[in-house]
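Working notes for the structure below.
Each reported figure results from applying straightforward, stated rules to the coordinates on display, with no laboratory input. What you are looking at is a predicted structure, and each value in this text was computed from that prediction instead of being measured. In this analysis, Cβ positions are derived from the backbone assuming ideal geometry, glycine residues included, and neighbour counts consider all displayed protein chains.
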Amino acid sequence: MRTRPEHAHSAGNRQQRRALGAIARLAAGLAAPWVALVRPTAAGRMVAGAGLPTIIAGLLVMWALLSAEAILLLAWDQTRSLRPSLSWRWTGIVPPEQRSLDSAIIVRPLGEVLLSWNHSWESTPLLLAPLMIGAWAVGCHLAGTLCLVPRTYRGERLGETLRTNLKLPWVCLGLASLVLGVGGSALVIGVDQRDLVQARHWVATGSTWGFGSDWWEYLFAGTLLFGMLSIWLVVAQAERVALGAVPAQPPEPVGPRCVGCGYSLEHVPADGRCPECGESTDKSLSPLTRPGLVWQVRGGAVPFVRTAWSLLWRPSGNYARLLTRDHEERSWIFERVQFALLTVASATAMAGLYLSAAVPDRSVEAWLVIAMLGMGVWFAFCGWAGHRGMGGLGVIVAALRGPTIDGRALAGAVGYESVFLWSFFLFNFAAAFIGIHAGEDIEEYLVASGHARSFVQLLLGSGVFLGNLALSLLWCRRYLIAYRAVRWANF
Ligand SMILES: [Zn+2]
């Protein structure tokens, strides 16, 4: 009888502690995006422990904030009688009536996107904006989740990885909303205010060429570069967040397997043969089977270049010799260096393409050079997202094939596949160069040799698309090769 109140007391304590623990987890989950601004890895750990409902609640709050921002911006825009259909002039490719959210995303940070969005959706009711933002945000969130799978997967149940990864893009929203949302909006509103008088003049005179003042152009180019570089900033942050969210306890290593068929060799004598496919066990268990890539064995500039070159041309041979245990960090360093180089090359190529067309005409405009550098950064980002998305799919396919397959090995191989992006870069650069300098000549030549002009234009127009499609299929094949080579790796 005497113990009962005590028992009730301790049960109450436990309940209290549980409630406090839940509140602490909720607070940690909600605070993660802001902690990530200073300590991304710590924020990754925080969010890994938070429940999915917390993240969903946080996303709803963020969505409400973004929607409020959008409505304020749209309302701001609609209070003025201006309809400046400016954006197409800056993109140079898309006429205003065809401008989509995508093209707006390419050229503007968020605040500007919302404005141009409003221009291209004149008839959209103001309150539909939050819904569209929601759909866009969900798409970005899922894409971000997929991109980070190769970075966080350690061979545990794939469902766990995906659950953790669903939370990770949330952590990066703090930086994204701060840099893109607040920074972008401040820029847009600032430009609007300063240009109001000039813009009224422009609308009154019906000029198609907008403000025409130099500072606006430089500001636009700066905004573009700012937007593009901030995407890179968010990507870099996502990487560090993902590192923090990796499970502290790696799963049990997969036991020795036959390299030929994956049969477990745990109870087969080392000098015997695989009972399943007859492959000598010596081959499966000898470290000489996997001596490693040059870059894996010793780092440095020359091994880096040699490995990259060799991987590009001989994926089968190289993935067969890839060391697959505890070598992931090396593969991610390889990927980071590749992307640094690709970004520089892509930005330089874009600016170079513009200069190669503008210099002979003596029509170089400095602001366009800056804008082209920004576009180059954007293309490199697209390459990164495609590469990681493909790698994420590869990891998922590998993990679904069976629990015995060591998914960490494939995740490590993903980093090396970044090298194939050079083929996309070179193909598109060559196509753009030929298009700028010989496009019209080729078209005239083909028309003169008896083809209908509409057919020739279709052929030349779809050539770039078809080329990229062919490269993408080749890339799928390369991922398949990598997957086959490392799925039952013992070293
Ligand atoms: Zn076998």
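GLU266 label point, 7 Å along Cα→Cβ, cut-off 18 Å on backbone N: hits in the stretch 405-428? From the stretch 405-428, the list is 405-407. Report the relative contact order of the stretch 293-486, percent, no decimals, based on alpha-carbon pairs under 8 angstrom and at least 6 residues apart. The normalised contact order for the stretch 293-486 reaches 30 percent.
Going by Cα centres, the stretch 388-463 and the stretch 21-69 are how many Å apart? First find each Cα centre; the distance between them is then 37 Å. Shown for THR41, THR54: other C-beta atoms within 10 Å of each C-beta, ranked fewest to most, produce the order THR41, THR54. Scanning residues 5 or more positions from LEU293 or on other chains, those with amide H under 5 Å from its amide H are LEU323, with H placed 1.01 Å from N in the peptide plane. Compared with the direct C-alpha span, the chain from ALA27 to ARG298 gains 93.1 nm at full extension, assuming 0.36 nm per residue. Amide H to amide H, with H built 1.01 Å from N, PHE491 comes under 5 Å of THR324, counting only residues 5 or more places away or on other chains. Extension gain for ASP361 to LEU460 (0.36 nm times residue separation, less C-alpha to C-alpha distance): 33.2 nm. Each residue of the stretch 310-322 is assigned a 3J(HN,Hα), and the resulting list reads 5, 4, 5, 9, 10, x, 4, x, 6, 5, 5, 9, 5 Hz, derived from the Karplus form 6.51 cos²θ - 1.76 cosθ + 1.60 (θ = phi - 60°), x at Gly and Pro. Quarter the surface of the alpha carbon convex hull of the stretch 370-491 and you get the mean projected area, 10.0 square nanometres. Between ARG163 and GLU444, the modelled labels are 6.6 nm apart [label points 7 Å from Cα along Cα→Cβ]. Considering only ALA409, GLN338, TRP384, and ranking their Cα positions along the charge dipole of the stretch 293-486 that arises from unit charges at the beta-carbon of Lys, Arg, Asp and Glu, the one farthest toward the positive end is ALA409.
With the simple spin-label model, which puts each label point 7 Å out from Cα in the Cβ direction, the PHE433 to GLN15 separation comes to 7.5 nm. Using a cutoff of 8 angstrom between alpha carbon atoms and counting only pairs six or more residues apart, the relative contact order for the stretch 236-392 works out to 13 percent. Residue by residue, the stretch 444-449 carries 3J(HN,Hα) couplings of 4, 4, 5, 5, 5, 8 Hz when phi is fed to the Karplus relation 6.51 cos²θ - 1.76 cosθ + 1.60 (θ = phi - 60°); x denotes Gly or Pro.
Sorting the segments 231-243, 345-357 by their mean number of nearby beta carbons within 10 angstrom, highest to lowest, gives 231-243, 345-357.
Residues in the stretch 252-275, backbone N under 13 Å from the label point at LYS283 (7 Å along the Cα-to-beta-carbon vector): list them, ranges by number please. Output list for this probe position: 258-262, 273-275. For ARG273, the residues whose amide H sits under 5 Å from its own are THR281, ignoring neighbours fewer than 5 places away on the same chain, with H placed 1.01 Å from N.
3J(HN,Hα) along the stretch 292-297: x, 6, 4, 5, 6, 6 Hz, from the Karplus curve 6.51 cos²θ - 1.76 cosθ + 1.60 with θ = phi - 60°, whole Hz, x for Gly and Pro. Take the Cβ-Cβ distance between CYS140 and LEU229 as r, set R0 to 22 Å, and report the resulting FRET efficiency rounded to the nearest 0.05. FRET efficiency, CYS140 to LEU229: 0.75. So for the stretch 309-460, Kirkwood radius off the Cα pairs, Stokes-Einstein at 10 °C and 1.306 mPa s: how many µm² s⁻¹? D, rounded to a whole number, is 87 µm²/s.
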